[in-house]
Structure formats: C-alpha cells, structure tokens
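Quick notes on the structure that follows.
The values are calculated or read from the model by the stated rules, or taken from the named source; none is laboratory data. Just so it is clear, the model here is predicted, and its values are computed rather than measured. When we count neighbours, we look across all protein chains shown, and the Cβ atoms used for this are built from the backbone with ideal geometry, even at glycine.
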Amino acid sequence: MQFSELGISPETLKAIEEMGYEKPTPIQASAIPTVLEGRDVIGSAQTGTGKTAAFALPIISKLEKHDPSRIRALILEPTRELAAQVEEAVVKFAKHTDLKVAVIYGGVGYGKQREDLKAGVDILVATPGRLLDLHRQRDLHFKQLEYAVLDEADRMLDMGFLPDVRSILEKTPRERQTSLFSATIPPAIETLIQWAMRDPETVEIGRRHSAAETVKHVILPVAHSQKDDLLLALLDRVHYESVIIFCRTKVGADMIARLLKRNKHSVAALHSDRSQKDRDEALKGFRGGKYEVLVATDIASRGLDIMDVTHVINYDVPENSEDYVHRIGRTGRAQSNGDAFTIMVAEDAIHVHSIERFIDQKIPRENVEGFDYKYTALFDHDKKGAPSPHERKFKQTRVAGGYHFSASGGKGRKRRRRR
C-alpha cells in the first residue's frame with residue numbers, strides 16, 4: 001500500500017513525499033482511513049511504529065484551511081520533550097497548508113505561548129498542566145474543538161495526568177472526534193476510553209507485551225560492586241554508534257554521566273530535574289551526534305523519536321516490566337536491528353523474572369569477554385534453582401577471567417554516527 005491510497009490530501013501527500021516516506025507502517029495504514037472516516041480510534045502498537053503520523057496526517061487533511069477564530073485540534077502529550085517533538089513533526093506534515101500549529105508546555109515562560117494563541121492556532125500540541133493553567137487564565141478555550149488526540153496515554157496514566165486529561169475533555173464538545181494512542185491499554189485507560197470515546201475502532205499492531213523483534217537483548221549478571229566497571233568494559237568492547245543508558249533515579253543518572261565523562265566518553269544526561277534548556281540541548285546534541293551516549297531516566301523510554309540508536313543499556317533493571325519493553329524499544333526502530341543489555345545484580349532477580357514472565361520469554365545470560373568477574377551467587381543458579389549449562393561453564397572458566405561475549409561485531413570501541 002502507498003500513502004496515495006489512504007485518502008489523505010494532496011498537500012499532505014506532497015509533504016510526506018518530500019520527507020522521504022514511501023509506504024505507511026501497519027499502524028498508519030490501519031488508523032489513517034479510520035480517522036478520515038470520522039471514527040474514534042484506539043491505536044495500540046509498539047513504540048517506533050509511526051503513531052504520530054497515524055493521527056496527524058488525517059487531521060491535517062480534514063482541517064484543510066486556517067481558521068484564526070478557534071482551536072480545532074488538540075494533541076495531548078505527557079512530557080515537554082514529546083510535545084516539542086510532535087509539534088515539530090506536525091509542522092512538517094502541514095508545510096504545504098496554511099494551518100497554524102503551536103506547542104505549549106511547562107518549564108518555560110508564558111509569553112511566546114500566549115502570543116501564538118492570540119495569533120490563532122488550528123492544531124495545538126500541549127502537556128495537560130500548562131494547558132489547564134492557560135485555560136484558567138482565559139488564554140484559550142476548547143468550545144469549538146473538533147479533534148482530540150490522547151498520545152502516549154499509558155505514560156500520562158503513570159505520571160498521574162489522567163484527572164487533568166478528564167478535566168480537559170469535559171471542557172470540549174461531546175461530538176468531537178477522539179483518538180487515543182498508547183503502547184499498552186491498562187484498566188484505567190479502558191475506563192477513560194468508555195467515558196471519553198464513542199464506539200471506537202481498535203487498531204492493534206503486534207502483541208502489547210512483546211519486545212521488538214528487531215532487538216537482541218541479553219542479561220549481564222555481575223556482583224553489585226562491579227556494576228560500574230562492567231558498564232565501562234561493555235562500552236569499550238561493543239561497536240556502537242549511539243547508546244542510551246537507563247538509570248532508575250535522577251541521582252544515579254547524574255553519577256553515571258560523571259563516571260563516563262571521566263572516562264572520556266561524549267555523554268549527556270536527561271532527567272526531569274534538569275532545566276528545560278539543558279534537556280533540549282541534551283536531546284539535540286544526542287540526535288545530532290555531538291553526544292554518543294545519553295544517560296537517562298525513564299523520561300526517555302517512551303515516545304521520543306531518536307533514530308539510529310544502536311544500543312540500549314539498562315544500568316538499573318526497571319521495576320516495572322512494561323518499562324523494560326519501552327526502554328529496549330528505543331533501539332531496533334523502523335525495522336533496523338538493535339542490541340539491548342541489562343546489567344543484573346542479585347537484588348534485581350525478582351524484577352528480571354517478572355520481565356521474562358511479562359514478555360513470555362527467557363532472556364539469555366551472557367558475560368563480557370575479558371572482564372575479571374568477582375564471584376556472585378547469580379552464576380550458580382537459574383530461576384528454577386538448578387545450575388544451568390551456561391553457568392556451569394562460567395564456574396569452570398571464572399578463574400581465567402570470564403568467557404567469550406560478542407555483540408554487534410564484538411570487540412572494539414565505537415564509530416561515528418552516519419548522518
């Protein structure tokens with residue numbers, strides 16, 4: 001199927017052709033005609049499958065011309081980074097129309113956002129908190145809204161935004177067309193769907209709990225005292241072009257970023273305690289190749305469009321199994337291959353076993369070639385309590401300094417990212 005077969009407007013089709021899009025992804029091929037028909041849509045698909053275009057292209061096609069008197073489409077996002085990213089994409093999709101697009105989010109001043117709203121906006125991308133602030137201050141209203149999009153709905157649930165989302169939707173016309181896109185549909189989202197949507201069409205691509213098929217992922221068991229050393233050894237032995245390292249806490253992310261800087265890695269940190277200016281600079285630098293390593297909390301695990309990430313490293317095992325799927329989905333995007341490594345210490349065992357149950361597969365345990373391991377009970381028993389053949393091999397060779405581990409070409413440092 002070609003984009004030209006989906007019914008989108010000639011202006012929108014011209015824009016996506018100039019952007020190099022050739023064929024729609026499965027979620028786009030299924031959702032775009034449904035939105036064009038006027039149906040409410042629930043889109044569930046793995047991260048990196050093109051959900052932004054799936055809701056933006058049909059809305060742009062239906063709006064057609066600029067109307068300065070009202071906001072006609074509202075796209076809600078859970079984070080500032082996602083809001084900025086989606087606004088940038090919508091502007092590109094609408095470049096051959098006269099539609100006006102704006103973005104509002106917290107952490108920055110109100111001045112420019114108020115100016116954009118006063119000038120007239122057709123499509124508004126926003127985070128819930130700042131949107132409600134501006135509504136309470138009478139800078140905007142939703143009385144004539146035609147289209148509402150709830151993007152990354154499960155992330156908004158995790159961040160506690162669902163009451164704000166409900167409050168916003170209560171201020172919009174009941175006859176609006178609503179689209180909801182989410183990697184997972186937990187029960188609280190099901191409740192929101194029943195309240196907010198009218199006979200929605202569900203478009204589900206792939207299993208909700210599945211890890212991306214293009215990602216090879218392994219567990220790296222190690223003694224707790226050697227986590228930092230193993231991370232450095234892994235980066236020295238793996239060919240990578242760009243890597244995201246996930247930490248559980250903001251303090252931990254800063255500590256790992258400092259460790260890597262001391263060891264001559266080009267690195268940036270991304271978490272919610274950093275200023276918006278610093279967060280924007282970190283993302284821009286990572287996307288552009290200035291930084292080859294991004295150390296982040298789960299703020300970077302969902303939705304952010306960061307292409308060409310060759311590797312993901314979980315320095316800390318996520319406590320939530322769904323977060324594991326989102327994290328490793330940062331690599332292996334757009335049908336390219338990727339590698340994901342998870343460093344596991346003894347206290348992580350319960351979370352690793354939960355992840356394996358969630359994705360319904362056993363993740364292989366491996367060790368980094370040439371790394372001088374200290375003993376840990378993780379090498380003695382698998383989750384059933386019996387030594388595995390792999391672990392028996394390790395016990396036989398541990399004194400010699402570990403056994404072979406190869407990933408993405410094996411031993412070697414890194415090469416510059418291709419642009």
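Table for the structure above
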item: Selection within the stretch 57-82 - buried (at least 24 other Cβ atoms within 10 Å of the Cβ) and free of Cβ contacts under 8 Å to residues at least 60 places away in the same chain; result: Leu57, Pro58
item: Members of the stretch 83-122 found to be surrounded by fewer than 16 Cβ atoms within 10 Å (Cβ to Cβ) and free of Cβ contacts under 8 Å to residues at least 24 places away in the same chain, listed by number; result: Glu88, Gly109, Gly111, Lys112, Glu115, Lys118
item: Verdict on Arg80 being charged (D, E, K, R), over 19 Å from Lys92 (Cα atoms) and at pLDDT below 95; result: no
item: Matching residues in the stretch 135-165 - criterion: being in a strand (DSSP E or B) and not aliphatic (A, V, I, L, M); result: Tyr147, Asp151
item: From the options Asp98, Asp151, residue that is within 28 Å of the chain's Cα centre (by Cα), on the phi < 0 side of the Ramachandran plot and not hydroxyl-bearing (Ser, Thr, Tyr); result: Asp151
item: Residue list for the stretch 16-37, filter: surrounded by fewer than 17 Cβ atoms within 10 Å (Cβ to Cβ) and either touching a strand residue (DSSP E or B) at 6+ places or on another chain (Cβ under 6 Å) or not assigned by TED's automatic domain parsing to the domain that holds Glu190 (or both); result: Pro26
item: Pair list, Cβ < 8 Å and 6+ apart or interchain, from the stretch 350-375 residues that are assigned by TED's automatic domain parsing to the domain that holds Val317 and in a loop (DSSP other than H, G, I, E, B) to residues that are at pLDDT below 90 and of a type in the set (A, V, I, L, M); result: Gln361/Ala211
item: Count of residues meeting criterion [under 30 Å from Leu150 (Cα atoms), touching a strand residue (DSSP E or B) at 6+ places or on another chain (Cβ under 9 Å) and at pLDDT 90 or above] in the stretch 197-245; result: 8
item: Residue within the stretch 112-129 that is in a loop (DSSP other than H, G, I, E, B), of a type in the set (S, T, N, Q) and more than 30 Å from Arg274 (Cβ to Cβ) present; result: no
item: Among residues of the stretch 309-344, those that are crowded, with 19+ Cβ neighbours inside 10 Å and part of a loop (DSSP other than H, G, I, E, B), counted; result: 10
item: Residue list for the stretch 44-72, restricted to those being among the aliphatic types (A, V, I, L, M), more than 17 Å from Arg176 (Cβ to Cβ) and at pLDDT 90 or above; result: Ala53, Ala54, Leu57
